[in-house]
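Taken together, the values in this text are just the output of simple stated rules run on the coordinates, not laboratory data. As the structure is a computational prediction, the values presented were derived from the model and not from experiment. Every residue, glycine as well, gets a Cβ built from its backbone with ideal geometry; the counts of neighbours run over all protein chains shown.
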Ligand code: GLY
């Protein structure tokens with residue numbers, strides 16, 4: 001099965017996202033077709049290289065293998081991609097492929113955006129998290145000692161190919177990290193401005209057994225529904241001037257939790273779920289949402305095995321981190337807050353109030 005989604009950003013940028021369970025032989029053929037008559041560089045995660053390289057006809061010389069983990073999204077590896085592109089003699093009419101999770105996609109996309117002022121690149125996400133979020137929408141970046149995603153660009157890929165067969169070797173924690181981002185879409189659906197109701201909340205509620213069992217057609221549908229919403233958002237607001245902020249639902253606390261634990265304790269999706277638990281409870285207590293909607297959110301999280309955060313962290317430290325976040329502005333901290341069924345709104349709060357929360 002193959003679902004193809006069209007992304008149109010502005011007048012001149014459009015590309016397709018394929019979501020498929022076709023064979024790796026077919027993926028190999030597609031990569032060859034996209035790079036026919038071109039020089040190519042393939043940036044690939046070390047883990048994906050080890051598990052899957054036998055299915056592809058890549059030459060050793062066109063490969064750059066990057067170790068896995070957020071710490072690899074750094075300046076050194078960025079320069080390696082640039083240097084390798086130069087060594088291979090890539091020009092702006094050539095192409096770079098990013099094969100891996102969000103780290104490989106983000107760093108390769110950023111390198112592509114700056115190499116010769118921009119070279120084509122294709123995202124081939126191999127994790128559920130990257131498939132439903134980072135590979136789509138053009139956010140590319142590297143981390144610096146000053147913070148995450150400090151150096152980056154909005155730079156759209158030439159194409160995104162999501163082959164769900166890669167998910168077979170994800171461990172449970174990584175798969176559930178992707179599910180964390182998927183759940184986010186269920187609660188923001190009506191704020192995304194997509195013309196056709198996706199009923200994602202209902203789909204996730206009724207389909208959870210098939211989703212957790214990785215039933216292929218259900219996974220393809222689930223990714224399609226999430227990406228329809230994400231495409232609707234980024235095509236209206238590519239550079240996060242307004243609407244795109246809805247995609248940050250659950251993320252204000254999530255980034256603070258990831259930072260305070262040095263990206264070692266929680267996966268990104270898990271941290272997003274804790275962020276959503278937190279803001280749902282706050283929204284209920286402040287009267288933004290009814291008890292029944294609050295309860296529905298808890299039920300959905302529980303269905304997927306997520307429980308509220310039990311570990312305690314210093315509210316002073318968390319608030320300090322949130323103040324430094326890119327989403328903060330003019331000394332206020334921005335939260336995306338649920339305000340009734342599947343809708344969210346932006347609420348800016350002074351740090352003192354956040355500490356009390
Ligand atoms: N990950 C949120 C965004 O793409 O805007």
Q. Taking only Cα atoms, what is the 0 to 90° angle, nearest 10, from helix 315-324's long axis to the longest principal axis of the chain?
A. 50 degrees
Q. What 222 nm value per residue comes from the helices of the chain, counting each DSSP H run with n ≥ 4 as -39,500 (n - 2.57) and dividing by all residues, nearest 500 deg cm²/dmol?
A. -13000 deg cm²/dmol
Q. What whole-number value in cubic angstrom gives the convex hull volume per residue for the C-alpha atoms of the chain?
A. 129 Å³
Q: Can you tell me the alpha carbon radius of gyration of the range 196-264 divided by the globular rule-of-thumb value 2.2 N^0.38 Å?
A: 1.38
Q.
Given axes a ≥ b ≥ c from the Cα gyration tensor, I'd like to know whether the range 230-307 is rounded (a/c under 1.5), prolate (a/b larger than b/c) or oblate.
A. oblate
Q) Taking Cα atoms, how many degrees apart are the long axis of helix 172-188 and the longest axis of the chain, rounded to 10 and kept between 0 and 90? A) 60 degrees
**Q.** Acute angle (nearest 10 degrees) that the helix 24-34 long axis makes with the longest principal axis of the chain, alpha-carbon atoms
**A.** 70 degrees
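Considering only the chain, what is the antiparallel percent among its DSSP beta bridges, to the nearest 5?
Looking only at bridges with both residues in the chain, the antiparallel portion is about 50 percent.
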Q: Would you mind classifying the range 1-103 by shape? Square roots of the alpha carbon gyration tensor eigenvalues, ordered a ≥ b ≥ c; an a/c under 1.5 is rounded, otherwise it is prolate if a/b is larger than b/c and oblate if not.
A: rounded
Q.
Highest mean first, how do 297-309, 32-44, 106-118 rank when packing is the count of other Cβ atoms within 10 Å averaged over residues?
A. 106-118, 32-44, 297-309
Q: Determine, for 184, 159, the number of other Cβ atoms within 10 Å of each Cβ, and report the residues in order from fewest to most.
A: 159, 184
Q. Going by a ≥ b ≥ c, the root eigenvalues of the Cα gyration tensor, does the range 138-249 fall in the rounded group (a/c under 1.5), the prolate group (a/b larger than b/c) or the oblate group?
A. oblate
